[in-house]
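To start, the structure under review is shown below, and the notes come after it.
The values are calculated or read from the model by the stated rules, or taken from the named source; none is laboratory data. Keep in mind that what you see is a predicted model, and the values were worked out from it rather than measured. With ideal geometry, Cβ positions are generated from the backbone for all residues, glycine too; neighbour counts draw on all protein chains shown.
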Amino acid sequence: MTIMTYRQALHDTLRNEMLRDDSVFLMGEEIGVFEGSYKITAGLLSEFGPKRVRDTPIAEEGFTGAAVGAAMLGLRPVVEIMTINFSLLALDQIVNHAAKIYGMFGGQAKVPLVIRTPGGGGQQLGATHSQNIELYYAFVPGMKVVAPSTPADAKALLLAAIRDDDPVLFLENLALYNTKGDVPDADIPAEIGRAAVTRPGRDLTLIGYSRMAHVAAEVAAQLATTEGIDIEVIDLRSLRPLDRETIVESVRKTHAAVVLEDDWLTYGIGAEIAASISDGAFDYLDAPVRRVAMAEVPMPYAKPLETAALPSRYDVITAIRQTLAAVGYRTSSQASTVSGASTVGASQ
Amino acid sequence: MASQARQRRNPAAGKSEAAAAQDAVAPSGTVPAAVPEPGADEPAVPESPASTVSATTAPAPRVSEDQLRQYYKDMLLVRRFEERAARAYTEALIGGYCHLNLGEEAAVVGLMAALRPTDYLFTNYREHGYALQRGIDPKKVMAELYGRVDGVSKGWGGSMHMFDVTHRLLGGYGIVGGQLPLATGAALAIDYRGEDDIVMCTMGDGTAAIGAFHESLNIAALWHLPVVFVVINNHLGMGTTVEHSAAEPHLYKRGAAYRMDAAVVDGFDPEAVHVAATTAAEVARSGRPYLLEVVTERLKGHSVVDPAKYRTAQENERLKANDPVATYGARLMADGVLDELDIEALEKEIAEVVADAAAFAASSPSPSVETLFDYTYASPVPNDSRRLPGQPLFGESS
């Protein structure tokens, strides 16, 4: 084990995979000379040269599609799209081509492609640069979508994505790049399509992915310490395929669930999870499934508005308490049960 | 200033674009070509091939008579196959959309003749003829149209999505322009591995208006990729003319924006197309992308169900009088390459091939519903949804 940042784990994994397999190469805007907008690819151009670390023009559709075509001939391109917002420019190539080619031609061509891209708000980047639209890709059969929340998972899921024969959207998050954690030294790919129970518990299931898996773990630890609430935390890790079994198994045990997501509420990832719980654990539920998501607005620039729009720890704790109250759960500090749902000005 | 790579690899560098275009079409100076002369009297769009062919002198023999007969035979196969497909469509044996190569036979045949078997082809949804000319068994092409398990894409693609990895047809694509980035990436893979193959990427004239066209040509030129982009200009999108779609209706001229050699050729003359495409392929094989515009006509509607009411009776008369298969046959007869008996024999032979293809398609089974979930993912994953409509996520799913 080595302690390193999420950024370092991504960088080292890319480098090791390029050393291991000549068919792995990188494409994207500003990943070479500029070393990447978020410096994930720092130093790789000088080590591997421009053939394998390819600076592209600003042409998401063109270079993402070119990566799909190269993958069809057996290369293993890893594309960086600077933020997930810009992936919309490549939507046709991802949804109509990368995700379709294996099926549409009767299994004759594989598309071993990885698209790395960060989502996330909270940096005052405004409406077009703060979105969490991984759902668009998780909606599409033929795509795989993974969303690591820790440096260890960043490594294990990136290994899996690069070695997988299907197009994988690899969701990163601006707020996670500097987070640190233990990373195994051995190259052991994760299994795409498996969630992880990152904290066992009895009282309620708290579900998140990417940045919100962190928030879930922190809130669960805090409530265990301060109020003795025993929360089970699930880190989804994979949005397509979605590990419904792990979610439902947990809810059958805890009888209550709160879903955390950085995307918008309506039609979001949380809606799919709530529906899955309804199908698989209806008779076990003691309270409605609660979702904590971003306010349904184009993200404003002004800091107080942005803060209000993003789900905070306070919002999560409120939702947990209200859900437990509906269950009839009595905490050791019952008097602290909140009544209001206003989060304006709430700090984390 | 041309890049060093261009100067090193491209002997035409430094020539005017028009000169390069002339070279591409008529390296010997004897092949008739529909290259518009730049100038004030330049027509708004390249004239129809029929009118330009008649304006040129007869070519000196450049290829063997066997080759000329082969062009005709190949064109005839495309023609009769497409006619059979149209009939099968009206008999409801073919579903979905069905876009035919009627009128584009010489373009299809000339382009495909320029490729090596190991070269790759990416094309659009009007691709039955290309599949045939890549050497795919007509039975498998027709079976795909019928949606049968023996189809070239196992019944998963249909008319718009033919694919055969062994014949290096890497797809018909139904989204206008979708194939351009893919073809560029395939050329990138060839270049990455230092291989000698090229990619040909065909498209319709309307495709020149889409962003993927610009992005792909720019990337291909920047990275010196071995790809030939071919615009099949039949003057119409569905019903929208090139002049209503392209601010510069001379589509080959767009090559200049990417310092890409470009040419325009008469798409009713298989030999001229073959020669132009061979030049384009040679340039691509030397590491330079190329833009070739092939001027042709679509004899019928956009798809089988389009009655083409946007055309005047006069236009229809002109198209009928200039039918490329008939006029090419007549030309070969006039030149003494074919006689009526030869044509009769070819018609008979091809009629059998097409009838066999239709019979094979009709007898091939539909894909089993059991295979519905077989092609979602190449790498198996846990928790992949394999539910039919109405089945619950959990519990009984019979």
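Side notes on the structure shown:
- Residues satisfying the stated conditions in region A:322-332, i.e. surrounded by 20 or more Cβ atoms within 10 Å (Cβ to Cβ) and either farther than 30 Å from A:Asp283 by Cβ or not hydroxyl-bearing (Ser, Thr, Tyr) (or both): A:Leu324
- Positions within region A:280-305 being surrounded by fewer than 19 Cβ atoms within 10 Å (Cβ to Cβ) and in a helix (DSSP H, G or I), in sequence order: A:Phe282, A:Asp283, A:Tyr284, A:Lys303, A:Pro304, A:Leu305
- Taken over region B:87-118, the criterion of being surrounded by fewer than 17 Cβ atoms within 10 Å (Cβ to Cβ) and within 28 Å of B:Arg69 (Cβ to Cβ) is satisfied by B:Arg87, B:Arg116, B:Pro117, B:Thr118.
- The residues of region A:1-39 that are aliphatic (A, V, I, L, M), buried (at least 21 other Cβ atoms within 10 Å of the Cβ) and more than 17 Å from A:Arg76 (Cβ to Cβ) amount to a single one, A:Ala9.
- For B:His161: the one exception among (1) part of a loop (DSSP other than H, G, I, E, B); (2) more than 8 Å from every other protein chain (Cβ to nearest Cβ): (2)
- Those residues of region A:105-123 which are farther than 20 Å from A:Thr64 by Cβ and within 20 Å of the chain's Cα centre (by Cα), in sequence order: A:Gly120, A:Gly121, A:Gly122, A:Gln123
- For region A:93-120, the candidate set comprises residues that are within 27 Å of A:Glu35 (Cα to Cα) and either touching a Phe, Trp or Tyr at 6+ places or on another chain (Cβ under 8 Å) or surrounded by fewer than 23 Cβ atoms within 10 Å (Cβ to Cβ) (or both); within that set, the residue that is farthest from the other protein chains (Cβ to nearest Cβ) is A:Pro118.
- Members of region A:176-197 that are in contact with a strand residue (DSSP E or B) (Cβ under 9 Å, 6 or more places away or on another chain), in a loop (DSSP other than H, G, I, E, B) and farther than 19 Å from A:Ile247 by Cβ: A:Leu176, A:Tyr177, A:Asn178, A:Thr179, A:Pro184, A:Asp185
- Within region B:350-372, considering residues that are surrounded by fewer than 13 Cβ atoms within 10 Å (Cβ to Cβ) and either under 26 Å from the mean Cα position of the chain (by Cα) or part of a helix (DSSP H, G or I) (or both), the one farthest from the other protein chains (Cβ to nearest Cβ): B:Glu352
- Among residues of region B:55-69, those that are closer than 13 Å to B:Leu332 by Cβ and either modelled with pLDDT under 85 or assigned to a loop (DSSP other than H, G, I, E, B) (or both), counted: 5
- Criterion (touching a residue at least 24 places away in the same chain (Cβ under 8 Å) and within 14 Å of another protein chain (Cβ to nearest Cβ)) met by exactly one of B:Tyr328, B:Tyr375: B:Tyr375
- Scanning region A:128-171 for residues that are part of a loop (DSSP other than H, G, I, E, B), within 14 Å of chain B (Cβ to nearest Cβ) and within 18 Å of A:Asn16 (Cβ to Cβ) turns up just one, A:Asp164.
- One residue from B:Gly239, B:Gly211, B:Gly206 being within 25 Å of B:Ala131 (Cα to Cα), of a type in the set (Gly, Ala, Ser) and either within 14 Å of chain A (Cβ to nearest Cβ) or touching a residue at least 24 places away in the same chain (Cβ under 8 Å) (or both): B:Gly206
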